[in-house]
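Undergrad: The structure under discussion is supplied below as structure tokens; questions concerning it will follow.
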């Protein structure tokens, strides 16, 4: 039976305490900022940076501060006696496992927000530390527990874990997901669980896909008689995958004690509000400056119109171009440029959607995410599929579908692979090479206190975002289930690409 892994029991023991959070501050203002952090009951250690104008303030937190803050936030911790999540009580502190890494970060953010103006909340107040360029950046640090994840996700273990985890459903091989859950939280763990499960199922679909591709090439005919049987197989495949994932998801929910799970709202630092008094309870509450109806009128509606106008303009342009010439070379060229335009429009729209969702001034993170998801998924669904829908249902030309699907799918998958993996990996490699040269040049400077791990964390490129990753995978699944009968070789391309990304994405960020 799968079992829960607690970071306090699994991770390294008898080690020097590692810092939990890092603040990068202008050196001339470092002393004042350090004083403010200590007021928030945080232990601080200062390190000099290779940049002579900056200093690093590494934050350490005592267990007593965590426990008191957990009580104030009504956080839940896993009870040793009963085996499920309960509100933390200091009177029974010995009955609880230690807090997870994500809970610790949440408590540090609460403590710093209560004492320091890290963001600019109100336009009529004085500027914050970041606005005055005193605070350059701040972020949570990886702890020693990441080494356990890195080792289990290593080069030799990954394929073994993937195969036994999916094909044989070996419960002992669920360990990496339980480690991810303990370190990153349920959202990240469920994402990697789903994407690995989905990629494993692609292996089953790729077998008939390769067989059909061979017959299509040998007969030089895309509309082969076996296409009908392949389409039937795809229908059965997606149904089985959906039902079996529900079973796997329910198992994880059971072992993670997430039945009737409701995420307690994490308030966004950028939430602009005024204080008001609830007439019924007499409590002081936070009231948003912007009403929900105004949000919909001035943010959601223009965003929808703008997105549809972009898609319509691109769609009409490619339809006119394709009607001029229908040769094979021209179809491949149009499809490739269409794939690039789809990627670029998705990128632009996602950037604008994120900015406008910020302007909608949501109080809690889950509200922001729900609004952001609706915006980007609705747009990407229309943007990615409209050309193929037009060819399939208006032109009714399976050969054109194959040309366009191959061009769009390959270009889009390649660009996504570059942005999601190659760019972060290359930037990390270049930055760390430059950093190591600077550290080597300063190796004899005893006055300069440099912590290599802190320097590496600050210089690491971060781009992980589960919302856009989920959206990308769902769009890919739509391509394969709705249109892969025209070009079944796309399945094996998606399978290989997903395997590399599953391995590479997590490796980049730990």
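The values are calculated or read from the model by the stated rules, or taken from the named source; none is laboratory data. Bear in mind the structure is a predicted one, so any value in this text is a computation, not a measurement. Cβ: placed from backbone, ideal geometry, glycine included. Neighbour counts: every protein chain shown.
Undergrad: Scan the stretch 214-229 and report the pairs whose first residue is outside the structural domain of residue 488 (by TED's automatic domain parsing) and whose second residue is surrounded by 14 or more Cβ atoms within 10 Å (Cβ to Cβ) and in a loop (DSSP other than H, G, I, E, B), with Cβ atoms within less than 6 Å and a gap of 6+ or a chain change.
TA: Note: pairs meeting the criteria are 215/224; 216/222; 216/224; 227/485.
Undergrad: Still on this structure, please answer the following. Which residue, of 210, 188, is surrounded by fewer than 17 Cβ atoms within 10 Å (Cβ to Cβ) and more than 18 Å from residue 243 (Cβ to Cβ)?
TA: Criteria check complete, one pass: 210.
Undergrad: Among the residues of the stretch 337-366, what is the count of those that are at negative phi, touching a helix residue (DSSP H, G or I) at 6+ places or on another chain (Cβ under 9 Å) and not in a helix (DSSP H, G or I)?
TA: Total meeting the criteria: 2.
Undergrad: Got a sec? Which helices (runs of 4 or more DSSP H) wholly within the stretch 155-257 have at least 1 residues that are modelled with pLDDT of 75 or more and either within 20 Å of the chain's Cα centre (by Cα) or closer than 27 Å to residue 78 by Cα (or both)?
TA: 175-184, 186-219, 226-255
Undergrad: From the list 427, 439, 435, which residue is under 15 Å from residue 52 (Cα atoms), assigned to a helix (DSSP H, G or I), outside the structural domain of residue 23 (by TED's automatic domain parsing) and modelled with pLDDT of 75 or more?
TA: The conditions single out 435.
Undergrad: Conditions: (1) closer than 30 Å to residue 224 by Cβ; (2) surrounded by 17 or more Cβ atoms within 10 Å (Cβ to Cβ). Residue 381 meets all but one. Number of the miss?
TA: Status for residue 381: all satisfied but (2).
Quick grid of which residues meet (1) under 19 Å from the mean Cα position of the chain (by Cα); (2) within 16 Å of residue 335 (Cα to Cα); (3) crowded, with 19+ Cβ neighbours inside 10 Å:
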position: 359; (1), (2), (3): no, no, no
position: 362; (1), (2), (3): no, no, yes
position: 372; (1), (2), (3): yes, no, yes
position: 375; (1), (2), (3): yes, no, yes
position: 404; (1), (2), (3): no, yes, yes
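Undergrad: Which of (1) in a helix (DSSP H, G or I); (2) modelled with pLDDT of 90 or more is the odd one out, the single condition residue 422 does not satisfy?
TA: Of everything listed in (1) in a helix (DSSP H, G or I); (2) modelled with pLDDT of 90 or more, residue 422 misses just condition (2).
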